[in-house]
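Notes follow the structure.
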Amino acid sequence: MLARLDAIPGVRESRADASGRHFLLELRPGADRAAAVEAACAALGARARPLEPAEAAAQLEARGRGDPWYAGADTLALCYLEARVLAANAGPAAARAAGLDTAAGDAICEAARAVLFQVMERVHGEGGRSSSGWFYEEWPAIAEAISGRATRLLPALTDDDATRLRRAVAALHAR
């Protein structure tokens, strides 16, 4: 998405906050601000809107103190970070829901990290997505890959354990 925003005439660089909900356009001198904003909203989709000045100031207020706003070159790093956070939460949650122990939760974390890294690399290589909704659409296949990998990392699981694990992982981001 940031590459598309960077390609808008007059945009020097675009950045996104860590949530991916807010975008910052840094314009070239003499750029047509209204045209750049209109093109950015069109690229971002129907829900996109420019922030009012006070809203924008509130979003950017902590930037100088280290609140990261990512440029296009940073997006894969952000994807890895998101994958690690998702994996760190998935392991314990799925293990608890499946009635498995902490060691199983650690294995599920590692399985989730490995699968999510692959998914993020694929999506990044395809040019990204215009909405985070893609994740929920792909979650059933992602969950199956995580469950399969975790099951291979946990050879002592019974068939019942593996079934509970598949259901628990699938439920994590089901919509």
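Since every read-out is calculated from the coordinates, none of them should be taken as a lab result. This structure is a prediction, so every number in the text was calculated from the model and none was measured. No Cβ is skipped: glycine too gets one built from the backbone with ideal geometry, and neighbour counts run over all protein chains shown.
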**OP:** Give me the angle, in degrees from 0 to 90, between the Cα long axis of helix 102-125 and the longest principal axis of the Cα atoms of the chain, rounded to the nearest 10.
**Re:** 40
**OP:** Could you tell me how many degrees, from 0 to 90 and to the nearest 10, lie between the Cα long axis of helix 133-153 and the main elongation axis, the longest principal axis, of the Cα atoms of the chain?
**Re:** 30
Subject >> Relative contact order for segment 2-67, counting Cα pairs under 8 Å that sit 6 or more residues apart, in percent >> reply: 24
**OP:** Could I get the Rg over Rh figure for segment 73-172? Both from C-alpha atoms, Rh via Kirkwood, rounded to two places.
**Re:** 1.00
**OP:** Using a 10 Å cut-off on Cβ atoms, rank the peptides 47-55, 139-147, 78-86, 151-159 from the highest mean neighbour count down.
**Re:** 139-147, 78-86, 151-159, 47-55
Subject >> Spin-label proximity, residue 84 to segment 4-31 - amide N less than 17 Å from point 7 Å beyond Cα toward beta carbon >> reply: 18-19
Subject >> Value of relative contact order over the chain, rounded to a whole percent, pairs C-alpha under 8 Å and six or more apart >> reply: 19
**OP:** Between residue 54 and residue 137, with labels modelled 7 Å along Cα→Cβ, what's the label distance in nm to one decimal, could you check?
**Re:** 3.7
